[in-house]
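Chemist: Here it is, the structure in full.
The values are calculated or read from the model by the stated rules, or taken from the named source; none is laboratory data. For clarity, every value in this text was computed on a predicted model and none was experimentally measured. With ideal geometry, Cβ positions are generated from the backbone for all residues, glycine too; neighbour counts draw on all protein chains shown. SASA here: full protein model, heavy atoms, side chains in, ligands and nucleic acids out. Shrake-Rupley method; radii C 1.70, N 1.55, O 1.52, S 1.80 Å.
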Amino acid sequence: MTTLRFTVTEQDTAIALGSGDVPVLGTPRVLAWMEQACVVAAAEHLDASSTSVGVEVWVRHRRASAVGANGGGTNAGFVS
């Protein structure tokens, strides 16, 4: 099982990403981290000449995460 861990930085905030006006984890960064986790998980099952692409995302960003907050996920689900 692969685990990815992230710490929210100033560059991950809604302000820095242009998606809001508060210094908390921006949803665009959440989506980028989710896609990164999918790439890592899929790589275990694909040969070097293959890839995968996303076609739909459904996310429920339920609470704000301040700079310095930690989180991450495994190919079994999200952990915080």
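Chemist: Being among the hydrophobic types (A, V, I, L, M, F, W, C) and in contact with a Gly (Cβ under 9 Å, 6 or more places away or on another chain) narrows it down to one of Trp58, Trp33, so name that one. Don't jump to the end; show me each part of the working.
Modeler: On the way: Trp58 fails: in contact with a Gly (Cβ under 9 Å, 6 or more places away or on another chain).
Answer to the check: Trp33.
Chemist: So, Thr13, is that one in contact (Cβ under 8 Å) with a residue 24 or more places away in the chain and in contact with a Leu (Cβ under 8 Å, 6 or more places away or on another chain) or not? Don't jump to the end; show me each part of the working.
Modeler: Values: in contact (Cβ under 8 Å) with a residue 24 or more places away in the chain: yes; in contact with a Leu (Cβ under 8 Å, 6 or more places away or on another chain): yes.
Criteria met by Thr13.
Chemist: Do the conditions hold for Leu31, that is, is it assigned to a loop (DSSP other than H, G, I, E, B) and modelled with pLDDT of 85 or more? Lay out the reasoning, then the answer.
Modeler: Working: assigned to a loop (DSSP other than H, G, I, E, B): no; modelled with pLDDT of 85 or more: yes.
Considered against the rule, which asks whether it is assigned to a loop (DSSP other than H, G, I, E, B) and modelled with pLDDT of 85 or more, Leu31 comes out as no.
Chemist: Considering only the stretch 13-25, I want to know if a residue exists there that is of a type outside the set (A, V, I, L, M), at pLDDT below 85 and assigned to a loop (DSSP other than H, G, I, E, B).
Modeler: So the first thing to find is which residues in the stretch 13-25 are of a type outside the set (A, V, I, L, M), and the list is 13, 18-21, 23.
Narrowing further to those that are at pLDDT below 85: none.
No - not one qualifying residue is present in the stretch 13-25.
Chemist: Can you pull out the residues in the stretch 42-60 that are hydrophobic (A, V, I, L, M, F, W, C) and under 19 Å from the mean Cα position of the chain (by Cα)? Before you say what the answer is, go through the steps one by one.
Modeler: Here is the first cut: in the stretch 42-60, the ones hydrophobic (A, V, I, L, M, F, W, C) are 42-43, 46, 48, 53, 55, 57-59.
Residues satisfying the conditions are Ala42, Ala43, Val53, Val55, Val57, Trp58, Val59.
Chemist: Same structure again: Condition first: open to solvent by less than 60 Å² (accessible area, probe 1.4 Å), over 14 Å from Val8 (Cβ atoms) and not hydrophobic (A, V, I, L, M, F, W, C). Now tell me which residues in the stretch 20-66 satisfy that.
Modeler: The one that is open to solvent by less than 60 Å² (accessible area, probe 1.4 Å), over 14 Å from Val8 (Cβ atoms) and not hydrophobic (A, V, I, L, M, F, W, C): Ser50.
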